[in-house]
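To keep things clear, I will list the structure first and then write my remarks on it.
Each value in this text was obtained by applying a stated rule to the coordinates, not by laboratory testing. Values in this document were obtained by computation on a predicted structure and should not be read as measured data. Cβ atoms come from the backbone with ideal geometry, glycine included; neighbour counts cover every protein chain shown.
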């Protein structure tokens, strides 16, 4: 089989397509023929050496959709999707024609989603769901602020929030006339006074929940938008990871700050979240992030460069022949 491989950390130039033996499933494993696998920012950071747990040599790729072709005989031919913090880091990942997965981690793909759509949804929606529902305990009708709302995680979070009948304030670098339907107010961090606009929109009450999918200089401004008993979830940091905020204001407003690292979830734990999300996809209440482009495995290294540079406006998906 062909697989994208890297044997050293620190540069995307080390990515190579290599020929490898097709793996054989052991007890409790299934072999999946990969149909589609997206390129996530964390996949790029993995090759660049940002995750010390990674073992080499390695095939990267955190999420996928495909068909079970070996392993549990009752599941042969089943269309599945999967994601996890172990895939592509401590076990070979999805940027290959075949991938071995724990049987309990390969979950039945929603029929409503194509292979490409399912592959682009996993990590984004797992992160957004655990941030808003798992950590912040978002309740019906609350007001949510999401930074990076046009990105994969941000757009997924906005859709989950709207499914909970929340009012959604989206923040990007610049506001756009093309406001997503699930966003009630779209603001630009470089063009708007975000705190003032939020106070106006919430009649001075502030937001109940904030998901900061950008980090860095936006951390404190986002924290300032929270109302009494507000909750903020941080999922990312920049190259300068230290932030500061007014501690007196923090405890007087009884705020709560959560951190979320989906790398700690293996394939089986991630599969449980995918199962929780699947019914909403089947009903059409949740939709996949926009796909910016589809590439072959031979073009995957170039896709890594596109994601690393920030030029990719949407998900890039590696597609394999049926």
Next on the checklist: From the P(r) of the chain, could you give the percentage of C-alpha pairs in the tail past 33 Å?
Outcome noted: 26 percent
Checklist outcome for this item: Taking a ≥ b ≥ c as the square roots of the Cα gyration tensor eigenvalues, with a/c under 1.5 meaning rounded and otherwise prolate when a/b beats b/c or oblate if not, the range 33-88 comes out prolate
Next on the checklist: For the range 280-322 and the range 115-180, what is the centre-to-centre distance using only Cα atoms, to the nearest Å?
Outcome noted: 18 Å
Checklist entry - Just for the chain, what percent of DSSP beta bridges are antiparallel, to the closest 5? => result 50 percent
Checklist entry - When the Kirkwood radius is taken over all Cα pairs of the range 124-262, what Stokes-Einstein diffusion coefficient follows at 20 °C and 1.002 mPa s, in µm²/s? => result 148 µm²/s
Next on the checklist: Restricting to Cα pairs below 8 Å that are 6+ residues apart, what does the relative contact order work out to for the range 124-262? Please round to a whole percent.
Outcome noted: 22 percent
Checklist entry - What ranking of 55, 202, 191 emerges when the number of other C-beta atoms within 10 Å of each C-beta is taken as an exposure proxy, fewest first? => result 55, 191, 202
Next on the checklist: For the chain, set up a GNM with springs between Cα atoms under 10 Å and report which of 33, 45, 109 has the largest fluctuation.
Outcome noted: 45
Checklist outcome for this item: If one builds a Gaussian network model of the chain from Cα atoms under 10 Å apart, the most fluctuating residue listed among 65, 312, 161 is 312
Checklist entry - Quick one: 258, 125, fewest Cβ neighbours within 10 Å first, how do they rank? => result 258, 125
Checklist outcome for this item: FRET efficiency for residue 292 and residue 48 from the Cβ-Cβ distance with R0 = 22 Å, rounded to 0.05, comes out at 0.60
Checklist entry - Sorting 120, 296, 270 on the 10 Å Cβ count, fewest up front, what's the list? => result 296, 270, 120
Checklist outcome for this item: For the chain, longest principal axis from Cα atoms; helix 115-129 axis from its Cα atoms; angle between them, nearest 10 degrees, is 40 degrees
Checklist entry - What percent do you get for the relative contact order of the range 39-119 when only Cα pairs under 8 Å and 6+ apart count? => result 31 percent
Checklist entry - Which residue fluctuates the most in the chain, going by a Gaussian network model with Cα springs under 10 Å, if the choices are 76, 160, 235? => result 76
